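Q: Before I ask anything, here is the structure I am working with.
What follows is calculated from the coordinates using simple rules that are stated; it is not laboratory data. Note that the coordinates shown come from a computational prediction; the quantities given were computed from them, not determined experimentally. Counting neighbours? That spans all protein chains shown, and the Cβs are built from the backbone with ideal geometry, glycine included.
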Amino acid sequence: MSAGAPWPKMTSREEFQFIAELVLKCSTADHTLVTLQDQDGGTTRFANNQIVQNVNTRRGSVAVTVAFGARQGTATTTDFTAGSLHEMVKRAEAIARVSPEDPEFLPPVGSQEYGACPAARGETIKAGPAVRLEYANEAIGQCRMENLSGAGIVSSSRAAVGVAAGTGLLAFEERTEARFSITVQSGDATGWASSAHRSIDRLKVQERTLSAIRKAIQGADPQELPPGRYRVILEPAAVAGLWSWIIWMLEAKAYLKGTSPFAGKLKRRILDKRILLENSPGHADLLGVGFTSEGLPSTASRWIRHGALQQLLYDRFTAQAQKIIVIPTIEAPCLSIEGTPAGSLAKLIQSTDRAILVTNFWYLRTVNPTDLTLTGMTRDGTFLVENGEIVSAVKNFRFHESPLRAFQQVEAWTAPMEAVTSETGKMLVPAVVLPEFHFSSVTRF
Amino acid sequence: MPTPSWDDFAGLALKRLASSGAEYGDIRIQRATTQAIRGEDRRIASIRDQDDIGFGVRVLYHGAWGFAASSILSLEEVPRVTDLAVEIAKGSASIAVEKVVLAREPVHRDRIITPVRIDPFTVPLEQKTGLLLATMDRLQQEVGVVRSSAGLWTRRDRKLFASTEGARVEFDLLASSGDCTATALHDGRFASRSFNTPQLRRGYELIEEADFLRRASLVARQAVEKVRSPAVEAGRYDLVLDPEHLSLTMHESCGHPSELDRALGYEANYAGTSFLTTDKRGTFRYGSPHVNLVADNTEPDTLAATGYDDDGVACQKWDIVREGIFVGYCTNREVAPKIGEARSRGSNRADGWGSVPIVRIANIGLEPGSATLDQLIADVKRGIYIEGHGSYSIDQRRYNFQFGGDAFWLIENGQRTHMLRDVIYHGITPEFWNSCDGVADRAHRRRYGFITCGKGQPGQSGWMSHPASHARFRNIQVIRGEGRS
């Protein structure tokens, strides 16, 4: 894809091989691992219906990790000249020679087989500042037509990513990514929507902007409800916010040391028995990649099935100690609920007697890692649903809840949909109705 | 042909900008060298030495911004990236309605160097790894401690800023920090206790003065005591907060709302806006008369004291809250004129050559009062003394916050008694600061800060210090941070 691509020309597979061979030849260490991240991308940012920031950055970076026995060191550089690469290797070697032996050291993996992963799209590669500006202007124009104020971003990037080692390991991939998000302000109310895709042509700028406009208008005159336990309808972004924390906490080493909320629960039911969490690196609507930063292949895998925890996030040392042959990855998560879904979010609302509808959560943090109690705020569209209809906006709540409790019972759900938030990557998750969710306080808007 | 100097590259870009029709332009060429050593469970898990060099060109064309950057510093790339920045600015200008007008600033030509006693990059690596291993050993000697971690970090930034207005400032800045953490397990639950040096613009002397091994013994003991301590009973308590804890409280509830770009809506789509809207300046009671919050980017050693910001504006000292009244914002050259200020406060910073500068929180600190810590505690019947950072969360306008901490002690009848666990307090920012009725004196002042303040799209990490002495807050709502509280 690099041939004939617009300036700047990104590092090609052949050029990465050349760099890797140069580094491997320079190295006198027992083991050498080379990684490349060469990225060109930009963001057009708007606020108050004006462009406030319009940027483009090209950053190429090479890292080398060398090891003498079990003593290792890492150095990086952004300068790809032969002299700089040589100097980088010498810096890494100097570190490794005086490092203590790492009892968990493992040499780089050998040659691997990688499945096809559609991580790059030509239209995103070609897109530059002008295309980003065009999409931003489209969103701004829609806000102006409604006499509302819009703030948001359109971004696109392309990257060349490579991993190589003296063991014969060689992985190289081109990746693209585009993102759109918008917050529309109507008086004191805000509405928000976002999207992300490998293809900049799949951002659905118009549809997302109209959705944010609708929420901002619906958000007028919010009533204040008391804190307490409520039935909730969580839109996909809100679900993704909670589930990101479940995924981040799956680390195997913490599990084995007893410092994980999942300690002792592997292969046991931890959530509603219909919940299924899978990794789908090849899914066209997710941001899957072909391999990890260590050169391990991304894997299609099941993490939670029938509500039971099936996998943990292993580092290579812990995986070897636990006799895990294939290390599962989870960079392209898809959450679904077995059974018959509601046809849409609107149908979910229509079938609910009384609930708080949450568009998104913000500033999620752990309160108690032992039981994964989290806190965070609702944001950009919180509503009261009664008798199957949105009857009013409500002032934003702070929640105090563990997703491990909240997802013990899912009352109703949709099919998985796109979910992208500023605090998470992209996931496919359903909108859900949960019977009880603890809102602990209310803010002033 | 001799290797071009940074001044040669800067001159090339500025000459091109001068002929582009842009009313303003600048270039930042920067080399950041970072060494990060992480230890985990009695092993050195990683030693990473990063060398990051590149340049960014910023252009104001017909009142609209463009920015382009590259890690390839060459005679071919500098003109191409400069032209791209101009092209991007022209695109922005094509749909601009309100034009950007920069506040005036004297043209500065200067050189800024962080004074250090011991350059961290000259300290033998074996000495650093030895310290971390000994620290983790000490942590795990305590019965009940099941995990340990320790780290050292240092970064040197060499930077050249040059503008079409004739400004030229060279920087050679350095910052350091260190930390260690023990995690204890008891009865199926776990808890951590940490020691952190402040992140400051100081050399390895910061680490040597910290006395890690003594700190590790204390941290380990307190981790075990914490995990075995009773959970707090929900209710209203008086709180006495230590300077490290307060640094985060100030950062979130005062620092961010005082960023003028947020108040003007620039961050509406990500970090959020601010309840400190421009109509409140000069009249709004933010806190009690004990609360004096001062922005000072001139105090030596502090993170935002860089001499000049990335607008080329000299660092300054000014009031944010004076005797409880909100009076000032953090600004840059773009937003200062929007509230009628003739000069920027010099708070425009980028996190590297590849990022465009944005308004950043200054070194906002709580001015000392006249009490001692003992006196603050002595006047509390039922309260909690809190040290360090824990869970933290705040809404996007910075009203509703919730904070935890790293260690908690129950205060009863003026005495600090035993540790507590799972303490979480929450409130509404101005109500909280209006409940402040005492601040300890200058002898208690410490200068903690952050290098990971997230803001902007694409995201950037901001650096700033928040000095404070201990302070007391009355009748604050506390909840238990576990289970179905």
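Q: For the stretch A:342-358, give me each residue that is crowded, with 24+ Cβ neighbours inside 10 Å and either over 17 Å from residue B:400 (Cβ atoms) or facing chain B (nearest Cβ under 10 Å) (or both).
A: Of everything in the stretch A:342-358, those that are crowded, with 24+ Cβ neighbours inside 10 Å and either over 17 Å from residue B:400 (Cβ atoms) or facing chain B (nearest Cβ under 10 Å) (or both) turn out to be A:348, A:357.
Q: Looking at the stretch B:434-457, which of the residues that are within 14 Å of another protein chain (Cβ to nearest Cβ) and either surrounded by fewer than 20 Cβ atoms within 10 Å (Cβ to Cβ) or farther than 30 Å from residue B:354 by Cα (or both) is nearest to the chain's Cα centre (by Cα)? Let's see the steps before the verdict.
A: Filtering the stretch B:434-457 down to residues within 14 Å of another protein chain (Cβ to nearest Cβ) leaves B:452-457.
Subsequent filtering for residues that are either surrounded by fewer than 20 Cβ atoms within 10 Å (Cβ to Cβ) or farther than 30 Å from residue B:354 by Cα (or both) retains B:452, B:454.
Details: B:452: 7, B:454: 9 Å.
Only one residue fits best here, namely B:452.
Q: Which one is nearest to residue B:324 (Cα to Cα), of the residues in the stretch B:354-369 that are outside any loop (DSSP other than H, G, I, E, B) and within 14 Å of another protein chain (Cβ to nearest Cβ)?
A: Among those residues, the one meeting the criterion is B:359.
Q: Looking at the stretch B:203-223, is at least one residue within 14 Å of another protein chain (Cβ to nearest Cβ) and either hydroxyl-bearing (Ser, Thr, Tyr) or closer than 22 Å to residue A:258 by Cα (or both)?
A: Looking for residues that are within 14 Å of another protein chain (Cβ to nearest Cβ) and either hydroxyl-bearing (Ser, Thr, Tyr) or closer than 22 Å to residue A:258 by Cα (or both), one finds at least one in the stretch B:203-223, hence yes.
Q: Go through B:32, B:85, B:96 for me and flag whichever is under 30 Å from residue A:76 (Cβ atoms), surrounded by fewer than 22 Cβ atoms within 10 Å (Cβ to Cβ) and touching a Gly at 6+ places or on another chain (Cβ under 8 Å).
A: B:32
Q: So residue B:428 fits all but one of (1) within 13 Å of chain A (Cβ to nearest Cβ); (2) on the phi > 0 side of the Ramachandran plot; what number is the exception?
A: (2)
Q: Could you grab me the full set of residues in the stretch A:320-340 that are hydrophobic (A, V, I, L, M, F, W, C), in a loop (DSSP other than H, G, I, E, B) and surrounded by fewer than 18 Cβ atoms within 10 Å (Cβ to Cβ)? Step through it out loud before you land on a result.
A: First, the residues of the stretch A:320-340 that are hydrophobic (A, V, I, L, M, F, W, C): A:321, A:324-327, A:330, A:332, A:334-335, A:337.
Those left that are additionally in a loop (DSSP other than H, G, I, E, B): A:324-327, A:330, A:332.
If the condition is that a residue be hydrophobic (A, V, I, L, M, F, W, C), in a loop (DSSP other than H, G, I, E, B) and surrounded by fewer than 18 Cβ atoms within 10 Å (Cβ to Cβ), then A:324, A:325, A:326 are the ones that fit.
Q: Residues of the stretch A:379-392 being touching a residue at least 60 places away in the same chain (Cβ under 8 Å) and either of a type in the set (Asp, Glu) or out of contact with any helix residue (DSSP H, G or I) (no Cβ under 6 Å at 6 or more places or on another chain) (or both), which ones?
A: A:379, A:380, A:382, A:383, A:384, A:390, A:392
Q: Just to be sure before I move on: is residue B:143 more than 30 Å from residue A:259 (Cα to Cα) and either more than 7 Å from chain A (Cβ to nearest Cβ) or touching a strand residue (DSSP E or B) at 6+ places or on another chain (Cβ under 8 Å) (or both) in the structure I sent? Working first, answer last.
A: Values: more than 30 Å from residue A:259 (Cα to Cα): no; either more than 7 Å from chain A (Cβ to nearest Cβ) or touching a strand residue (DSSP E or B) at 6+ places or on another chain (Cβ under 8 Å) (or both): yes.
Against the criterion (more than 30 Å from residue A:259 (Cα to Cα) and either more than 7 Å from chain A (Cβ to nearest Cβ) or touching a strand residue (DSSP E or B) at 6+ places or on another chain (Cβ under 8 Å) (or both)), residue B:143 does not qualify.
Q: Separate question: Can you tell me how many residues in the stretch B:295-334 are crowded, with 24+ Cβ neighbours inside 10 Å, farther than 20 Å from residue B:368 by Cβ and of a type in the set (Val, Ile, Thr)?
A: So the count comes out to 2.
Q: Please identify the pairs in which a residue from the stretch B:92-121 that is more than 9 Å from chain A (Cβ to nearest Cβ) and under 18 Å from residue B:164 (Cβ atoms) has its Cβ atom under 8 Å from the Cβ atom of a residue that is part of a helix (DSSP H, G or I) and of a type in the set (A, V, I, L, M, F, W, C), counting only partners at least 6 apart or on another chain.
A: B:103/B:336
Q: Let me ask something else about it. When the stretch A:97-117 is examined, which residues are found to be facing chain B (nearest Cβ under 8 Å) and either under 33 Å from the mean Cα position of the chain (by Cα) or of a type in the set (Gly, Ala, Ser) (or both)? Lay out the reasoning, then the answer.
A: Initially, the stretch A:97-117 is screened for residues facing chain B (nearest Cβ under 8 Å), giving A:98-100, A:102-104.
Within the stretch A:97-117, A:99, A:102, A:103, A:104 meet the criteria.
Q: If residue B:273 passes every condition in (1) within 12 Å of chain A (Cβ to nearest Cβ); (2) in contact with a Ser or Thr (Cβ under 8 Å, 6 or more places away or on another chain); (3) buried (at least 24 other Cβ atoms within 10 Å of the Cβ) but one, which one does it miss?
A: Residue B:273 satisfies every listed condition except (2).
Q: Moving on to the next point. Does residue B:462 fit the bill of being part of a strand (DSSP E or B) and more than 9 Å from every other protein chain (Cβ to nearest Cβ)?
A: yes
Q: Filter the stretch A:56-71 down to residues that are of a type in the set (D, E, K, R) and in contact (Cβ under 8 Å) with a residue 24 or more places away in the chain and give me whichever is farthest from the other protein chains (Cβ to nearest Cβ).
A: Among those that are of a type in the set (D, E, K, R) and in contact (Cβ under 8 Å) with a residue 24 or more places away in the chain, it is A:71.
Q: Return the pair list, or none, for Cβ contacts closer than 6 Å from residues in the stretch A:251-263 that are within 12 Å of another protein chain (Cβ to nearest Cβ) and under 17 Å from residue A:317 (Cβ atoms) to residues that are of a type in the set (S, T, N, Q) and outside any strand (DSSP E or B), at least 6 apart or on different chains.
A: Correct list of pairs: A:253/A:318; A:254/A:260.
Q: Here is a further query. Taking residue A:284 as the residue in question, decide whether it is more than 27 Å from residue B:145 (Cβ to Cβ), surrounded by fewer than 21 Cβ atoms within 10 Å (Cβ to Cβ) and of a type outside the set (Phe, Trp, Tyr).
A: In short, yes.
Q: Only strands (runs of 3 or more DSSP E) wholly contained in the stretch B:24-81 count here; list those with 1 or more residues that are facing another protein chain (nearest Cβ under 10 Å) and more than 30 Å from residue B:92 (Cα to Cα). Quick ask: steps written out before the conclusion?
A: Values: elements: B:24-40, B:43-61, B:64-70.
Of the strands (runs of 3 or more DSSP E) lying wholly inside the stretch B:24-81, those with at least 1 residues that are facing another protein chain (nearest Cβ under 10 Å) and more than 30 Å from residue B:92 (Cα to Cα) span B:24-40, B:43-61.
Q: In this structure, does residue A:417 turn out to be surrounded by 24 or more Cβ atoms within 10 Å (Cβ to Cβ) and either touching a helix residue (DSSP H, G or I) at 6+ places or on another chain (Cβ under 7 Å) or touching a residue at least 40 places away in the same chain (Cβ under 8 Å) (or both)?
A: Here the answer is no, as residue A:417 does not meet what is asked.
Q: Here's another thing I want to ask about it. So in the stretch A:393-410, with the set limited to residues that are away from chain B (no Cβ under 12 Å) and aliphatic (A, V, I, L, M), which one is nearest to residue A:374 (Cα to Cα)?
A: The selected residue is A:410.
Q: Quick one: what pairs do we get from the stretch A:30-55, first residue at the interface with chain B (Cβ under 7 Å from one of its Cβ atoms), second among the hydrophobic types (A, V, I, L, M, F, W, C) and part of a loop (DSSP other than H, G, I, E, B), C-beta under 7 Å, 6+ apart or different chains?
A: A:47/B:268; A:50/B:96; A:50/B:97; A:51/B:95; A:51/B:96; A:53/B:356; A:55/B:356
Q: Something else about it: Pull out all pairs, ordered by first then second residue, where Cβ-Cβ is under 6 Å, the residues are six or more apart or on different chains, the first lies in the stretch B:363-381 and is crowded, with 17+ Cβ neighbours inside 10 Å, and the second is aromatic (Phe, Trp, Tyr).
A: none
Q: I would also like to ask the following. Could you please find all residues in the stretch B:370-405 being assigned to a loop (DSSP other than H, G, I, E, B) and aliphatic (A, V, I, L, M)?
A: B:380
Q: So, one more: So in the stretch A:217-235, with the set limited to residues that are of a type in the set (D, E, K, R) and in a loop (DSSP other than H, G, I, E, B), which one is farthest from residue A:192 (Cα to Cα)?
A: As a first pass, look at the stretch A:217-235 and keep what is of a type in the set (D, E, K, R): A:221, A:224, A:229, A:231, A:235.
With the extra rule that they be in a loop (DSSP other than H, G, I, E, B), the set shrinks to A:221, A:224, A:235.
Numbers: A:221: 17, A:224: 20, A:235: 12 Å.
The residue in question is A:224.
Q: Next question. Only one residue in A:123, A:134 is of a type in the set (D, E, K, R), closer than 30 Å to residue B:94 by Cβ, surrounded by fewer than 17 Cβ atoms within 10 Å (Cβ to Cβ) and away from every other protein chain (no Cβ under 14 Å), so which one is that?
A: Of the residues listed, the single one that is of a type in the set (D, E, K, R), closer than 30 Å to residue B:94 by Cβ, surrounded by fewer than 17 Cβ atoms within 10 Å (Cβ to Cβ) and away from every other protein chain (no Cβ under 14 Å) is A:123.
Q: Output the residues belonging to the stretch B:35-82 that are surrounded by fewer than 20 Cβ atoms within 10 Å (Cβ to Cβ), of a type in the set (S, T, N, Q) and over 30 Å from the mean Cα position of the chain (by Cα).
A: Scanning the stretch B:35-82 gives a single hit, B:74.
Q: Here is a further query. I'm trying to understand the selection: among the residues of the stretch A:359-373, which are facing chain B (nearest Cβ under 9 Å) and part of a strand (DSSP E or B)? Can you show your working first?
A: So the first thing to find is which residues in the stretch A:359-373 are facing chain B (nearest Cβ under 9 Å), and the list is A:362-371, A:373.
Within the stretch A:359-373, A:362, A:363, A:364, A:365, A:366, A:367, A:368, A:373 meet the criteria.
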